[in-house]
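Data first, discussion second: the structure below is written as structure tokens.
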Amino acid sequence: MITQATSDNFTGPTWDNSQEYESIACGKFEKDLIKSREQIEHLRQAAQIAEALLTCVASLSEKSVEAIDIVSKAFSCNDTFETLALNLNTYINCILSLDGANKEARQMQGTLQNLFTEAAEAMQPVHQLLITADDNFLAHCLMRETIVPHQFAIKQRRWFKPHLLTLPEETLSTRLALNGPTAWGTLYTNISTSLQCKVETAQGIQTMGVARTAGLLKSEKRDERKAAYNAINSAWRTQQESCAAVLNSLSGWRLDLYKRRSNSRELHFLDTSLHAACIQRETLEAMMLAVNEAKDMGRKALQLRARALKIDKMGPWDLFAPPPSFNSQSQGETLQTFEDGIEAVRASFAEVDGEMGHFVAKMAKEKWIEASVGDRKRPGAYCTSFRKSRSPLVYMTYRGSQDEIGTLAHELGHAFHYWTMRDLHPVQTACPMTLAETASIFAETLVNDKLSERCKTPQEMLSTMWGDISNIDSLLLNIPARFAFEKELYEKRDSKIFNPTDLCELMRNSWETYYGDALSEMDDMFWASKLHFHMAGSTFYNFPYTFGYLFSLGIYAQSKLMGSQFYPSYTALLRDTGCMTAEDLAQKHLGVDIKNPHFWRASIAIARTKLALFENILRDCRL
Ligand SMILES: [Zn+2]
């Protein structure tokens, strides 16, 4: 460990993707692009026949061999197309992550997006055929080798059968959505990227974009955080009418469509997101019951964090505050080189099983990690993969902070998840958001615990545990408040149009329900500033976070109990995340019923233990 103010020595490595393609202009890239176009042509031919078959779906059994051949051909073309096009797409995204202005890459990104749309449109009648066909026909289809890996995905789609409209209605609604919800979503993103915040700083008022201003919410200086928070909310207030229009239109559009789709069976506004999350309503209710019982814990986490920061009460501007600095020269926190950081992750992974440790070493050796510092690099961190070689990739910016070691562990957790599934058909590796965070949060918890063991002073312990404790208030208060807000919006939207004042009031009430008196004031503009409420593609983009967090804590607890037996069950569980509901997965691999609040209470108890430990550390730090 070295204490250092300048972080140049702490930069991470850059990745090497030349194994995939030398450049966008290379022959291999060109060849894959041509082949992917050819696959779309083959797919279209099959899809045309499938569309014709839709008119006689009731008598499909008689034509079953021909029809099954067609469906099988379509799936095989689409699989080949996706392998090629997604490989190209990952390569392009990698370039754009390092330099968003790369013209050649942007051009190619547009070309690929068109190809994806064309393929999706072509597959539409094939999916429709499988959704509407009778069980007998379906059973025959599912026996075909090319379709077998798609079984779970097809069954998931079949759930939608009672809610399906006619093909022309479906096509019309997809087409109209482009200038409906999709346009509303785009409007919001356009506002958020062009919005300017006026931040009061010691040097006077500075004008900057929302993303940069939001970065200041992580400042060590409370004044700076508060100024950033006020600037962000003032900026959003100037756009509140537009944001309210986006929320009303997105929810109104969806509710209208749900009503149309409720002819033979009611489609509730939570149904599509529950289905996408691969969980049942009872599971969500059981989890929320346990979460609602544990409000005191999130509040306690906030009180303890306030004590550590030597402030009376946390304000909404303090939620992302970093741990207090104990460094006498106040040169910032103790930094670690990338080599030290990745070694900490490797050693923690290796404690679960040698294989997991080898995996981390392999990621570094193969240059599958991009962690350098660059002016043009996009912010954020993610894990992606090359479809052809099935190699995972991790993207982030590493400067040596504790927080970044956590991010590295998180993303390597995702990469390990992918690695355990790399021999499966790609469709079986696509898991819902609820389960996608299992391995990443598990890895983060693992590494944080390992780092705490290495701490020599209570001050170091406090910094190491800070992220874990912030997670408690964020996932047990903030996320549930978002869920409560959105739920009430949908419950009342049918008979009401919400103006900005209504939305502020609803948000304030939702926050008060969870935060109680643990915050000095509520963020009533959160409905406008939070992107997740304004996305055209998904609703209730909130509860899966809390689910992922608690589910993974439950698994972490198992790792302690099961000893050497744990690793094989863990990898078996991860391998099943793309082809099972969360309920089945938990029952099969952990022998637990997640529809029972007991499971969730047990996970919350782990967080409670952490909280008690943190309180002792504060005492040791004389805070
Ligand atoms: Zn993640």
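The values are calculated or read from the model by the stated rules, or taken from the named source; none is laboratory data. The model shown is predicted, which means the values in this text are computed figures rather than measured ones. FYI the Cβ positions are ideal-geometry reconstructions off the backbone, even for glycines, and counts take in every protein chain you see. Protein only, heavy atoms only, side chains kept; ligands, DNA and RNA dropped before computing areas. Shrake-Rupley method; radii C 1.70, N 1.55, O 1.52, S 1.80 Å.
Assorted remarks:
- Checked against the criterion of being part of a helix (DSSP H, G or I), open to solvent by less than 20 Å² (accessible area, probe 1.4 Å) and on the phi < 0 side of the Ramachandran plot, the candidates Pro125, Pro162 yield just one match: Pro125.
- Against the criterion of being in contact (Cβ under 8 Å) with a residue 40 or more places away in the chain and in contact with a Gly (Cβ under 9 Å, 6 or more places away or on another chain), Arg237 does not qualify.
- Scanning region 186-201 for residues that are surrounded by fewer than 19 Cβ atoms within 10 Å (Cβ to Cβ), within 24 Å of the chain's Cα centre (by Cα) and in contact (Cβ under 8 Å) with a residue 40 or more places away in the chain yields a total of 3.
- Hey, Gly180 at pLDDT 90 or above, closer than 30 Å to Asn263 by Cβ, in contact with a His (Cβ under 7 Å, 6 or more places away or on another chain) and not hydroxyl-bearing (Ser, Thr, Tyr) or not: no
- Every test in (1) at pLDDT 95 or above; (2) farther than 30 Å from Ala133 by Cβ; (3) open to solvent by 50 Å² or more (accessible area, probe 1.4 Å) is passed by Leu98 save one, and that test is (1).
- Scope region 403-423; condition within 12 Å of the ligand (Cβ to nearest atom) and polar (S, T, N, Q); matching residues: Thr407
- Residue in region 397-414 that is assigned to a loop (DSSP other than H, G, I, E, B), surrounded by fewer than 23 Cβ atoms within 10 Å (Cβ to Cβ) and at pLDDT 90 or above present: yes
- Index of the failed condition, Ile369 passing every other in (1) in contact (Cβ under 8 Å) with a residue 60 or more places away in the chain; (2) open to solvent by 30 Å² or more (accessible area, probe 1.4 Å); (3) within 26 Å of Glu82 (Cα to Cα): (2)
Each row is one residue, and each column tells you yes or no for (1) within 15 Å of the ligand (Cβ to nearest atom); (2) among the small types (Gly, Ala, Ser); (3) part of a loop (DSSP other than H, G, I, E, B).
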| residue | (1), (2), (3) |
| --- | --- |
| Glu339 | no, no, no |
| Ser348 | no, yes, no |
| Ser372 | no, yes, yes |
| Lys377 | no, no, yes |
| Ser385 | yes, yes, no |
| Pro392 | yes, no, no |
| Cys431 | yes, no, yes |
| Phe442 | yes, no, no |
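- So Thr55, is it surrounded by 13 or more Cβ atoms within 10 Å (Cβ to Cβ) and either more than 38 Å from the chain's Cα centre (by Cα) or without any contact (Cβ under 8 Å) to a residue 60 or more places away in the chain (or both): no
- Test: residue in region 256-267 that is under 24 Å from the mean Cα position of the chain (by Cα) and crowded, with 18+ Cβ neighbours inside 10 Å: no
- Yes/no for Leu446 being open to solvent by 10 Å² or more (accessible area, probe 1.4 Å), within 28 Å of Asp620 (Cα to Cα) and within 18 Å of the chain's Cα centre (by Cα): no
- The one condition from (1) within 16 Å of the ligand (Cβ to nearest atom); (2) in a loop (DSSP other than H, G, I, E, B) that Lys367 does not meet is (1).
- Positions within region 289-310 being open to solvent by 20 Å² or more (accessible area, probe 1.4 Å) and assigned to a helix (DSSP H, G or I), in sequence order: Leu289, Asn292, Glu293, Lys295, Asp296, Arg299, Lys300, Gln303, Arg307
- Test result for Thr90, hydroxyl-bearing (Ser, Thr, Tyr) and over 25 Å from the mean Cα position of the chain (by Cα): no
- Within region 233-253, the set of residues being open to solvent by 30 Å² or more (accessible area, probe 1.4 Å) and part of a helix (DSSP H, G or I) comprises Ser234, Arg237, Gln240, Glu241, Ser242, Ala245, Ser249, Trp253.
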